[in-house]
Amino acid sequence: MTALLEVEDLCKTYRAHGHEVAAASAVSFRLEEGGSLGIVGESGSGKTTTARMVVGLERPDSGRIVFRGQELSSRPRGRSERLERARAIQIVFQDPYLSLDPRVAVGAAVEQVVKLHTKLAGADRRRRVLDLLGQVGLGEREAGTLPRRLSGGQRQRVAIARALAVGPAVLVLDEAVSALDVSVQAQVLNLLTDIRELTGVGLLFISHDLAVVRYVCDEALVMRSGEVVERGSTAQLLSAPQHAYTRVLLDAIPRPA
Amino acid sequence: MSTPLLQMSDVWLRLPGIANRPILAGVDLEVAAGEVVGLVGESGSGKSVTARTALGLVPRGAQVEGRVLVDGTDVLSAPADRLRRLRSESAAMVFQDPRAGINPMRRIGDHLTEAARFAKRGEDVRAARKRALDLLEAVGLPHPERHLKQFPHELSGGMLQRVMIAGALMGSPKLLLCDEPTTALDVTTQKEIVSILARLQQDEGMGMLFITHDLDLAASVCDRVHVMYAGQVVEHASAKELFASPQHPYTAGLLASTPSLEVVQERLRPIAGTPLSLLADPLGCTFAERCDRVMEGLCTTQRPELVEHGDRADRCLLNQTTEVAG
Amino acid sequence: MTALAPTAVVGRARFAKVRAFGGDWIIWLSAGVLVLFALAAVFAPLIAPYDPEATDLRNVLAGPSGDHLLGTDQVGRDTFSRLVYGARTSLVGPLAVVAASTVLGVLVGLVAGWRGGRLDSVISRVLDIMFAFPALLLAILAVTLFGKGLVAPIVAMSIAYTPFIARQVRGLVIASRSRPYVAAYTVQGFSPTDVAVRRVLPNISPLILAQATVMFGYALLDLAAMSFLGLGVQPPTSDWGSMINDSRGAVLLGEPLTAVVPSVAVIVTVIAFNVLGEELGDRIARRDA
Amino acid sequence: MAPAVTILKYVGRRVLGVAITLLAASFLIFASLYAAPGDPADFLTQGRTLSPEAMASLREQYGLDDPFLVQYLHWLSGVLHGDFGTSFQFRDDVTTLIGARLGTTLTLMVMAAVLITVVGLTAGIVGSLNAGRAADRLVLVMTTFLAAVPSFVAAILLISVFAVRLGWFPTFGGGEGLLDRIYHLTLPAVALSLTFVALVSRVTRSAMLEELGREHVEVATSRGVPRSTVVRRHVLRNALGPILTVSGILVAGLLVSSAIVESAFGLSGLGSLLIQSVDKSDFPVVQAITLIVVGAFVLVNLLVDLLQPLIDPRTLAGEAGR
C-alpha cells in the first residue's frame, strides 16, 4: 500500500565557517494516511532542515519526497504544480509572533488562501473562512483583528487555520507549540488532536519535547547530528529505547524527585 | 532558624504608562542559606522582575514599595556604593541567555575578572585570574587557560552558560539567583548545568532562587516552590507537597496542562483563556476569569490574601471559605 | 491585547523612546508647514504681490514695510515674492529626485534582495561603486558635462540617491525573506513574484517612505547648494539657494535680511521633512516592537 | 586571536574590493567625457582657441584618435604617475594646481574633523546617558535644528554675525602661516562641521542607547561593576563600530561640502578650484578633483573596514567561513 508521505534518503549539507555540516544525511521515513509521526531531537539534529525540505522551502542535495506514490519536485514550475504541492503539505512554524503577515487581518489572511485554492466567492467564501476559524476556536470577532492584537496562542491558532485553508493532506508542525506557555500549549495540543480526528490530516510533528511528542504522535524518529538514530512507536521508544542516545535524551528529562 | 539571605516582604512594583496592573503585587519571598527555592509561573507572572528587584535592578520609571533585604542590607534604600558592594560580594545572578548576557566584544577572561578588578579597588588581579581558572574547571570546562583568551562567539551556548555561572560565583556570593538558566539550552545540556548548579550550591552552602517555567524541573531541583501568577505568589509549599496536592486551582491547572512521560493521557485539561494582560487590573482574584472553580460574585469582587496552612500557603478564596465553613 | 513578556516590559520601560518634542503637535506643525509651502508654490502668482524678477533700483535693500513685507534685495526685487516663487524650483527639484531615486532604488533593491545569489553580488558591487560618488559631486560633474540649470543636477542626484534606497530595500527584503510569514506564503502556493511585490513590498513600504521623506530634505539642501554655487537654477529665476547666493554682497554690507529670509525657508522645510521622516520611522519601529 | 590566514583573507578581500571600486570609478569618470554632447575634442576646448602645442598635448593626453580603451589606459597610466593633464584656464599642470591648494583644504578638513568628533561624540554620549531628561531633549532639539542648516547658510550667517557685525574673524582669505591660517579657517570649519556634528551626535546617541539596552550591560551591573566602568568598557566600546561606520560614510559629504564653504569664504582650496573649473568648463581639473574625492572616500572607508575587527572580533569569524 502506498504511504501518504514517503521520504527517502534526504541529504542536505551546509557550508559554514569553512567546513561542511551535514544537516541531514539519508533521512527516511513513512507517514501513513491519517497517521502522526514525531521527529525528536536537540538543536542541530537536522529536524528543522528536514521539515523545510519536506515542505519545499529547502532543496535537498539528494533524496526523494514521495506523496501518495508521486514524487514531489523540489522546485515546482507553474501555477498548477505550485498549488498541487501546496495542497499536499502545509506547515506551522515555531514563532507565533513572526508567522503571520503583520499587515493582514486574521480573516483576510485565511481568505486569501481560500481564494487562491478554491473557486469559492462572496458569501460562500466568507462562510468557509469563518468555518476554518471556528475549527481552531476563533470567531467573527477575531476575524477583523490584526495579528498584533492577538496573544501567542491565538496567533498559532490562526496559523493552523491558514494552513488548513489550503486543504492539505499533511500538516508539518515545526516546534509549533514550543514558544507557548504551558496552559496555552495544552490548548493547542488538544486542538491538533481534534483536527486530526475531524479532517484526517496526517501530522508530521517536530519537537524537542518528548512528552509533547508522546501526547500527539503514535510513532516517532529520534534524530541526532542529521541522522535518524532510532524509530518506532512512541510507547516503545519511551519504555524500551534501543539506541544509547535515545536513552541519554530520556535520562536528561527532569522528573519530580 | 537563622535570618534568611533574601527576604522580600510585601513588594509592589508598578510601571505607569506601560502596565495598568502592578507587575509585582505584594510579593513575599524568603530564601535561607543552603536552601533552593523555586519560582514557577507562565510568562508575565513577574518571576524575572522579582529576581531583578532582589538585586535592585528595577526598570527606569518603576515605582517600587515594600522591603527587600539581602544579607541584612535593605536593597531598595541602600546607597549606590553599598548596593554595588552587595552585588559584587553577597548576591549574584545567572541570566537566561548567555549569548546575550556576555559582552561579545570582550574576552571570556575579561568577563570573569572584570567585577573583581573594577568593583573592589586594589584586588589582586592575579588572584582573580587564579579564581577564574578554578571556577572554569569547577563548571566543567575542558581548557580553562585557553577559554580565558577566547571570545564568546568561539564557545557553544552550553559552554557559555557555564562561563556565566563561573562569573556569578567569582565574588563567592551567599545568594545565587538563577533566572531560567537552562531555558535556552538543550535537555542534555540542561541536565549538566543543573547538576553543576546543584553541586556548587551544596559545596558553598549558598541560598538559591531558581526561576523556571518548567514544573518538572522545579520539582527536581528545589526544596520549596513558589507559584506566581500575574505578579502575585498564589501558592507555596515544599516541592513534594505542591506537586502531590496542589491547593490553588492555577497550580492544579498547570499540572493538568503538562504532558507527561510517565502516564498515558487521553486528553490534557488545559486552563482556559490566556495569562492576565498587563492592561487588565481586575477587582477580584487575578485568576478568576480563567478559573474553573470560580465562585461568581465572590472571586470577581474580592482579592484573596495569601493564607498559611501549616508550612504551606495559598491565595484562594475557595480554600479560605471552606475552612471557615468547615 | 498581547500579553507582554516581563523582560520585554522591563526593556521597554528603561528605554522608552525619548523624543525631542513631546506629543503629536510637532508632526502636525511639520505637515502644516509643508502644506503651506506647497500651496505657496502652486498658487505663487496669486500670492506674490510683485513680479519676482522686476527690479527697482530706487528701492534696494529696503527693510520690511507695508509695501514690501520682507523688504527688497540688492536690485530692489521684492523678497516675499521671490520667496513664494522660489518655493516652486526649490520643491519641485527634490520631488523629482526623490521620486526617481525611490522608484529606481525599490526596483533594484527588490530584485537584488529577493533573487539573491550572483545577481545580488553584482548589484551590491555596483551600489558600492555608486556610493563612492557623493550626490553633490555627481551633480557638479553633470553640470560640467551638460551645462548649468536644474536638469543635469536632478538627473545626477536621482542616480546618486538610488543606492541609499536600494541598499535599504535590499536589506529589508533579505530580512523579510527569512521571516516565517513569507515562508508561509511560499508554502501556501503564492508565486514568488506575488509574494515579493504584493506581500513583502507593502510591509516594508512605510520604512521606505520614511527614508524617502528624510531624503527629500537632503535633496533640497543639495539642490539649493547647487543654486548657491551658481550651477543650478540660473538668474533671474528665483530659487531659495540662489537668493542666498545673491545676498552675499548685502551681508558684507551688514544687511543680512535678504540672506535670512530664504535661509529660514530652507531650514524650516528641511526640519519639517526630517521630523516627519523620523517620526514615521519611530512609529513603525514601535508598532513592530 | 584569529589565525593569520583569516586576517590576511579579510584584509585581502577588502583591498581587492577597493581596487575594483577605484578602477570602476576612474573608468566612469573618464568615460563621462563621451556622455557630454558633441565631439570630445570640441567639448574639451569649448570653442576656445588653444595654442597648437596645447592642442597637441590635449590630443596626446586623451589620445583622441586612439580606440576608446587605449585612451582610457593611457590616461589612467598618467594618473597613476601623478599626471592629471593640463588645465585649460590656467594653462598649467593640474597636479601643480592641486598641490598648491591642498594645504588649505586639508587644514580645513582636519579642523572640521576635530570639531565633529569632539562635539558630536560628546553631545551624543551626554544625550544617551541622560535619555529622557532635559539634557537629552536639548541635544535632540539642537541636532534636529543643526542637521537642517546647510553649510552655505551657516557660512553666510557666521560671516554676518562674527565677521561683519562683531569683527572677530576675517571674512575672506586663507591666511599665512599655521596660526594665522587656523584663525582664518575657524569660521569656515565651524560652518562645515555643523551638519556633521548633528549627524554624528545622532548616530552616537542611538548606538549608545542600543548598547545600553543590552543584557550584558545589565549583567555587568548585576555583578557590581561601577556605572562609569560599565559605560566605558561595555556601552561606548561596543557602540564604536556603528559610529565609525557612519562616520566613514559621512566623509564623502564632508569633502564635497568643503567646496561650498571654500566658495562662500573665498578660500583658495580644492573645493573652490572645482567650482571655478566647472564655471570655465575646465574638464581636466574637474576630472582630477572628482577622482581625488572618490579615492579619498574609498580609502577612508577601507580604513574603517580594517579597524572593525579590532573593535568586534566577530567580524573575522564571518571571514573564516568564506
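The values are calculated or read from the model by the stated rules, or taken from the named source; none is laboratory data. Worth saying up front: this structure is predicted, and the values here are computed from it rather than measured. When we count neighbours, we look across all protein chains shown, and the Cβ atoms used for this are built from the backbone with ideal geometry, even at glycine.
When you scan region B:217-227, do you find a residue that is assigned to a strand (DSSP E or B) and within 11 Å of another protein chain (Cβ to nearest Cβ), even just one?
Checked region B:217-227: at least one residue is assigned to a strand (DSSP E or B) and within 11 Å of another protein chain (Cβ to nearest Cβ).
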### Query
Can you name the condition, by its number, that residue D:177 falls short on among (1) within 12 Å of another protein chain (Cβ to nearest Cβ); (2) free of Cβ contacts under 8 Å to residues at least 12 places away in the same chain; (3) small (Gly, Ala, Ser)?
(1)
### Summary
Quick count over region A:210-257, residues being within 13 Å of chain B (Cβ to nearest Cβ), within 19 Å of residue A:175 (Cβ to Cβ), assigned to a loop (DSSP other than H, G, I, E, B) and in contact (Cβ under 8 Å) with a residue 60 or more places away in the chain, is 2
### Task
Restricting attention to region B:1-21, report how many residues are farther than 16 Å from residue B:67 by Cα and in contact (Cβ under 8 Å) with a residue 40 or more places away in the chain.
7
### Task
Determine whether residue A:114 is within 12 Å of another protein chain (Cβ to nearest Cβ), at pLDDT 95 or above, part of a helix (DSSP H, G or I) and farther than 14 Å from residue A:156 by Cα.
yes
### Query
(1) under 22 Å from residue A:198 (Cα atoms); (2) under 20 Å from the mean Cα position of the chain (by Cα); (3) without any contact (Cβ under 8 Å) to a residue 12 or more places away in the chain: which one isn't true of residue A:90, the others all being true?
(3)
### Task
Would you check if there is a residue in region B:161-176 being under 30 Å from residue B:276 (Cα atoms) and either of a type outside the set (D, E, K, R) or surrounded by fewer than 24 Cβ atoms within 10 Å (Cβ to Cβ) (or both)?
yes
### Task
Would you point out which residue out of D:246, D:278, D:225 is of a type in the set (A, V, I, L, M, F, W, C) and under 19 Å from residue D:312 (Cα atoms)?
D:246
### Message
For the list (1) of a type outside the set (A, V, I, L, M); (2) part of a helix (DSSP H, G or I); (3) in contact (Cβ under 8 Å) with a residue 40 or more places away in the chain, I need the number of the one condition that residue A:128 fails.
### Response
(3)
### Hits in region B:32-65 (condition: closer than 11 Å to residue B:6 by Cβ and small (Gly, Ala, Ser))
B:32, B:33, B:51, B:54
### Query
Is it true that some residue in region D:212-231 is more than 9 Å from every other protein chain (Cβ to nearest Cβ) and closer than 27 Å to residue D:291 by Cα?
no
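In this structure, does residue D:226 turn out to be surrounded by fewer than 19 Cβ atoms within 10 Å (Cβ to Cβ), in the same structural domain as residue D:171 (by TED's automatic domain parsing) and in contact (Cβ under 8 Å) with a residue 12 or more places away in the chain?
Values: surrounded by fewer than 19 Cβ atoms within 10 Å (Cβ to Cβ): yes; in the same structural domain as residue D:171 (by TED's automatic domain parsing): yes; in contact (Cβ under 8 Å) with a residue 12 or more places away in the chain: no.
No; evaluated as a whole, the condition is false for this residue.
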### Query
If you take just the helices (runs of 4 or more DSSP H) that sit entirely in region B:97-173, which of them hold at least 3 residues that are in contact (Cβ under 8 Å) with a residue 60 or more places away in the chain and in contact with a strand residue (DSSP E or B) (Cβ under 6 Å, 6 or more places away or on another chain)?
B:157-169
### Query
Across region B:247-262, which residue is farthest from residue A:209 (Cα to Cα) among those that are outside any helix (DSSP H, G or I) and at the interface with chain A (Cβ under 10 Å from one of its Cβ atoms)?
B:262
### Query
Of the residues that sit in region C:43-84 and are among the charged types (D, E, K, R) and in a loop (DSSP other than H, G, I, E, B), which one is nearest to residue C:259 (Cα to Cα)?
C:73
## Note on the structure
Residues of region D:137-158 being at the interface with chain C (Cβ under 7 Å from one of its Cβ atoms) and in contact with a Lys or Arg (Cβ under 8 Å, 6 or more places away or on another chain), in sequence order, are D:140, D:147, D:156
#### Entry: Hits in region B:48-78 - residues which are in a strand (DSSP E or B), polar (S, T, N, Q) and surrounded by 24 or more Cβ atoms within 10 Å (Cβ to Cβ)
none
### Query
Looking at (1) in contact (Cβ under 8 Å) with a residue 24 or more places away in the chain; (2) outside the structural domain of residue B:16 (by TED's automatic domain parsing); (3) closer than 22 Å to residue B:242 by Cβ, can you tell me which one residue B:304 breaks?
(1)
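Checking the conditions here, which among C:151, C:126, C:169 is touching a residue at least 24 places away in the same chain (Cβ under 8 Å) and not hydroxyl-bearing (Ser, Thr, Tyr)?
Exactly one residue qualifies, and that residue is C:169.
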### Query
Filter region A:193-209 for residues that are part of a helix (DSSP H, G or I) and within 11 Å of chain B (Cβ to nearest Cβ); which is surrounded by the fewest Cβ atoms within 10 Å (Cβ to Cβ)?
A:194
### Query
So residue D:216 clears everything in (1) under 30 Å from residue B:90 (Cβ atoms); (2) modelled with pLDDT under 95; (3) of a type outside the set (A, V, I, L, M); (4) surrounded by 23 or more Cβ atoms within 10 Å (Cβ to Cβ) except one condition, right? Which one?
(2)
### Query
When residues of region D:254-292 are filtered for being more than 8 Å from chain C (Cβ to nearest Cβ) and aliphatic (A, V, I, L, M), how many remain?
10
#### Entry: From D:269, D:253, residue being farther than 30 Å from residue B:98 by Cα and in contact with an Asp or Glu (Cβ under 6 Å, 6 or more places away or on another chain)
D:269
### Query
In region D:86-173, which helices (runs of 4 or more DSSP H) lie fully inside it and hold 2 or more residues that are farther than 23 Å from residue C:266 by Cβ?
D:94-115, D:121-129, D:134-146
### Task
For region A:88-103, name all the residues that are farther than 22 Å from residue A:178 by Cβ and at pLDDT 95 or above.
A:88
### Query
Looking only at helices (runs of 4 or more DSSP H) that fall completely inside region C:198-270, which ones have 1 or more residues that are in contact (Cβ under 8 Å) with a residue 40 or more places away in the chain, under 20 Å from residue C:101 (Cβ atoms) and away from chain D (no Cβ under 13 Å)?
C:201-228
